[in-house]
1. Among the residues of the range 90-109, how many are within 21 Å of the chain's Cα centre (by Cα) and either outside any helix (DSSP H, G or I) or not β-branched (Val, Ile, Thr) (or both)?
2. Scan the range 146-162 and tell me whether some residue there is acidic (Asp, Glu) and either farther than 30 Å from residue 21 by Cα or open to solvent by 40 Å² or more (accessible area, probe 1.4 Å) (or both).
3. Which ones in the range 163-184 are surrounded by 15 or more Cβ atoms within 10 Å (Cβ to Cβ) and either touching a residue at least 60 places away in the same chain (Cβ under 8 Å) or within 25 Å of residue 110 (Cα to Cα) (or both)?
4. Could you list, in sequence order, the residues of the range 17-32 that are over 26 Å from the mean Cα position of the chain (by Cα) and open to solvent by 60 Å² or more (accessible area, probe 1.4 Å)?
5. How do the pairs read when you match residues in the range 242-255 that are assigned to a helix (DSSP H, G or I) with residues anywhere that are open to solvent by 70 Å² or more (accessible area, probe 1.4 Å), using Cβ under 7 Å and keeping only pairs 6 or more apart or on different chains?
6. Mind listing whichever residues of the range 176-224 are closer than 30 Å to residue 141 by Cα and not in a helix (DSSP H, G or I)?
7. Tell me yes or no: at least one residue of the range 34-52 is assigned to a helix (DSSP H, G or I) and not polar (S, T, N, Q).
8. Within the range 20-33, can you find the residues that are more than 12 Å from residue 50 (Cβ to Cβ) and out of contact with any Ser or Thr (no Cβ under 8 Å at 6 or more places or on another chain)?
Amino acid sequence: MKIKHWIWPIIIIILALLAYLLYDKANTIHQSEALLPPSLTHLLGTDHLGRDFLTRLFVGSIVTLGLTTLILVGTVLLGLMLGLVSALVGKWLDSVLMALADMLIALPAIIIALVILGFMNNSVLGLCFALIIGWLGRYLRYFRNLARDAKTQPFVKYASLSGFSKLQTTIYHIVPHLLSNVMALITADFGKLMLSISGLAFIGLGVKPPLPELGAILFDGKSYFYSAPWLFFFPGVLLGGFALICQLLNRRYIR
């Protein structure tokens with residue numbers, strides 16, 4: 001049985017509220033309970049500060065997925081706007097924007113993010129900006145090519161003949177056409193972007209304590225790999241599981 005589409009926003013809101021309510025518990029320190037193994041009291045054990053690890057993983061997962069969604073939405077919106085401008089205005093502006101897109105595509109997004117973070121404040125806001133720029137190139141070119149193709153389609157020409165202005169045609173016909181095909185690209189990039197966020201957090205960039213994030217949790221656990229392996233194992237499984245789910249969703253959309 002297929003899940004109704006309206007259920008997903010409700011599930012997301014409930015999970016976000018739970019993460020908000022559990023945030024203080026995830027950061028509550030109990031030094032006397034440090035590095036306890038999984039038990040009935042603490043299902044996934046505790047970390048080096050005695051914090052319940054299951055709670056931290058839940059809140060960290062929501063933080064990681066939320067940041068990934070925020071950055072991806074920002075990248076899509078900026079790529080959509082610049083792609084439309086490039087396709088509709090054309091001329092020298094199209095050449096400049098496509099040169100920018102080619103330059104961004106030629107370099108790995110995480111390298112671009114590292115360079116930008118080196119010049120900016122090392123914060124969550126700086127991380128979001130850096131990764132949006134790093135991932136912008138492919139979305140800019142993708143939307144520009146689709147928009148140029150859409151301009152030649154009969155439904156766009158008929159819209160103009162029906163009395164729609166250029167702006168109305170863009171908003172009501174071209175933009176929905178572009179967004180209808182973007183889910184395959186989003187599902188393909190979601191897992192990669194999530195791993196980029198966690199990878200940067202693992203080396204101390206972007207997300208800072210006490211905000212739990214899967215990459216930062218992995219970094220905290222690496223010092224206890226032998227004495228408390230659950231601190232390293234469970235975050236890694238979650239990251240790999242989320243990335244696998246994204247790839248499975250991508251296969252569904254490209255069929």
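1. Number of matching residues: 6.
2. yes
3. 170, 174, 175, 178, 182, 184
4. 29, 30, 31, 32
5. So the pair list comes out as 243/195; 253/183.
6. Answer for the range 176-224, where residues must be closer than 30 Å to residue 141 by Cα and not in a helix (DSSP H, G or I): 180, 181, 182, 205, 206, 207.
7. There is no residue in the range 34-52 that is assigned to a helix (DSSP H, G or I) and not polar (S, T, N, Q).
8. 20, 21, 23, 24, listed by residue number.
The values are calculated or read from the model by the stated rules, or taken from the named source; none is laboratory data. None of the values given here were measured: they were computed from a predicted structure. Reconstructed Cβ throughout: ideal geometry from the backbone, glycine too, with neighbour counts over all protein chains shown. In case anyone asks, the SASA skips ligands and DNA or RNA and just uses the protein heavy atoms, side chains included. Shrake-Rupley method; radii C 1.70, N 1.55, O 1.52, S 1.80 Å.
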